[in-house]
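Single-structure report; data block below.
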Amino acid sequence: MAIENTPFVPFKRYRVVIAYDGTAYSGWQIQKHSLAIQEVIQKKLTNLYDRQEIHLVGCSRTDRGVHAQGFVASFLVPERPDIPPEKLMKAVNHQMPPEIKIRAIEEAPLDFNARFDTLGKAYTYVINNGPESPFLDRYAWHPIHRMDPEKIRAAAAMLTGTHDFSSFVVERREIDDAVRTIYRIEVQEFFPLIAVTFVGNGFLYKMIRCLMGTLEWAGAGKLSPADVKKILEAKNRLAAPETAPPNGLFLMRVFYDEASLQNFHLTQLPFLEIGAP
């Protein structure tokens, strides 16, 4: 894998784990007319490296309003100033807005690529299955209908495995291949919230939000597991219900080794996680 161009001779590469509340941002990737997470962090890093431009390579592109607990990015740094990871993390977090925090920084091989070296990702979508709450609206979707977790589980079983997910992706014509593998979908209850965690080798643009729109219908009893299977097999976005909103979605982990992918399990609600990534 080729190393990206830099205005300096690359000395080291750092891998960084980032947590952020995406409510007020246009997503991860820099946008022309709105503020993105990448832009905020890059500016702070560039300032710390004496205005030598730092470029972050992200593991994926979370869209507007989506959150993250374990987003991974990497960046090359010059020989001077030489800032150790622990000092760099403290300096960056000191300058970050409260909705963005660096959770870890470590040195990585120069040819490490945060996007192309991944083995998979885990996303969690949170549903508020109780009364509406002004304190949960940023981090959970409150559908009109009450959900039955068992019905969500039964429908989710139709979606695991390797499939063409054309029925669950926006802007299908811009994607060459819609085949992806979902290893498992776990449905957990944290009364009155329901957390649906997807672990797979990769996910298409808005794919999880499209899947959640269908699982919401199934959880409300408006679709059977057989109906969900038919929607999947149709390979047509028009066959599926509407896309779920972004506020309930969290990128939880990005996996670069098989053991971490197999062992990941959600232990608490995404917005309560404060331990090591």
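The values are calculated or read from the model by the stated rules, or taken from the named source; none is laboratory data. Just so it is clear, the structure is predicted and the values come from calculations on it, not from any experiment. All Cβ positions, even for glycine, are placed from backbone atoms using ideal geometry, and neighbour counts span all protein chains on display. We work out accessible area using only protein heavy atoms, side chains counted, and drop any ligands, DNA or RNA first. Shrake-Rupley method; radii C 1.70, N 1.55, O 1.52, S 1.80 Å.
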Exercise. Reported to two decimal places, what Rg/Rh ratio describes the range 222-277 when computed on Cα atoms with Rh from the Kirkwood expression?
Worked result: 1.10
Seminar exercise, completed: Computed ³J(HN,Hα) along the range 113-125: with the Karplus parameters 6.51/-1.76/1.60, θ = phi - 60°, integer Hz and x for glycine or proline, the list is 10, 4, 8, 7, 8, 6, 9, x, 9, 10, 10, 10, 10
Problem set entry | Distant-in-sequence amide H partners of residue 108 (H built 1.01 Å from N, under 5 Å) | 13, 14, 15
Seminar exercise, completed: Over the chain, the sum of -39500 (n - 2.57) across DSSP H runs of at least four, divided by residue number and rounded to 500 deg cm²/dmol, gives at 222 nm -6500 deg cm²/dmol
Problem set entry | Phi to ³J(HN,Hα) by Karplus 6.51 cos²θ - 1.76 cosθ + 1.60 over the range 131-144, Hz, x for Gly, Pro | x, 5, 9, x, 8, 9, 4, 6, 10, 8, 8, 10, x, 5
Seminar exercise, completed: Any residue on another chain or 5+ positions along whose placed amide H is under 5 Å from the amide H of residue 26 is listed here as 35, 36, 37
For this session: Considering Cα pairs under 8 angstrom that are at least six residues apart, work out the relative contact order of the chain and quote it in whole percent.
Result: 23 percent
Seminar exercise, completed: By the C-alpha gyration tensor axes a ≥ b ≥ c (rounded if a/c is under 1.5, else prolate when a/b exceeds b/c, else oblate), the shape of the range 68-135 is oblate
For this session: For residue 236 and residue 260, compute 0.36 nm times the residue count separating them, minus their Cα-Cα distance, and round to one decimal in nm.
Result: 5.3 nm
For this session: Under a cut-off of 20 Å between alpha-carbon atoms, report the lysines in cross-link reach of residue 32, not counting same-chain residues fewer than 8 places apart.
Result: 43, 44
Exercise. Of the heavy-atom accessible surface of the range 137-277 (probe 1.4 angstrom), what whole percent is carbon and sulfur?
Worked result: 51 percent
Seminar exercise, completed: The ³J(HN,Hα) series, computed from each phi in the range 235-247 with the Karplus coefficients 6.51, -1.76 and 1.60 at θ = phi - 60°, rounded to the nearest Hz and given as x for glycine or proline, is 6, 9, 4, 5, 7, 9, x, 5, 6, 5, x, x, 5
Exercise. How much FRET efficiency would the formula 1/(1 + (r/R0)^6) give for residue 31 and residue 229, where r is the Cβ-Cβ distance and R0 is 35 Å, rounded to 0.05?
Worked result: 0.40
Seminar exercise, completed: On each of the three principal axes the extent of the alpha-carbon atoms of the range 188-268, given in whole Å and largest first, is 35, 31, 24
For this session: With all distinct Cα pairs included, what does the Kirkwood hydrodynamic radius of the range 137-239 come out to in Å, to one decimal, could you say?
Result: 13.9 Å
Seminar exercise, completed: Output for the range 1-73: trypsin sites (Lys or Arg not before Pro) sitting in coil per DSSP, at most 13 other Cβ within 10 Å, listed by number, reads 32, 51, 61
Problem set entry | Isotropic mean projected area of the C-alpha convex hull, the range 170-220 (nm²) | 4.1 nm²
Exercise. What is the antiparallel percent of DSSP beta bridges lying wholly in the range 127-277, to the nearest 5?
Worked result: 95 percent
Seminar exercise, completed: re the range 1-115: pairs of Cα atoms spaced beyond 17 Å account for a percent value of 51 percent
For this session: Could you pull the Cα extents of the chain along its three principal axes, largest to smallest, in whole Å?
Result: 60, 40, 39
Exercise. Taking the Cα centre of each part, how many Å lie between the range 144-183 and the range 2-49?
Worked result: 30 Å
For this session: Please list the non-local residues whose amide H lies under 5 Å from the amide H of residue 244, H modeled 1.01 Å from N, same-chain partners needing a gap of 5 or more.
Result: 210, 212, 213
Exercise. Could you give the radius of gyration (one decimal) and Dmax (whole number) of the Cα atoms in the range 94-166, in Å?
Worked result: 18.7, 50
Exercise. Using alpha carbon coordinates only, what is the Rg to Rh ratio of the range 64-195, with Rh defined as the Kirkwood radius?
Worked result: 1.04
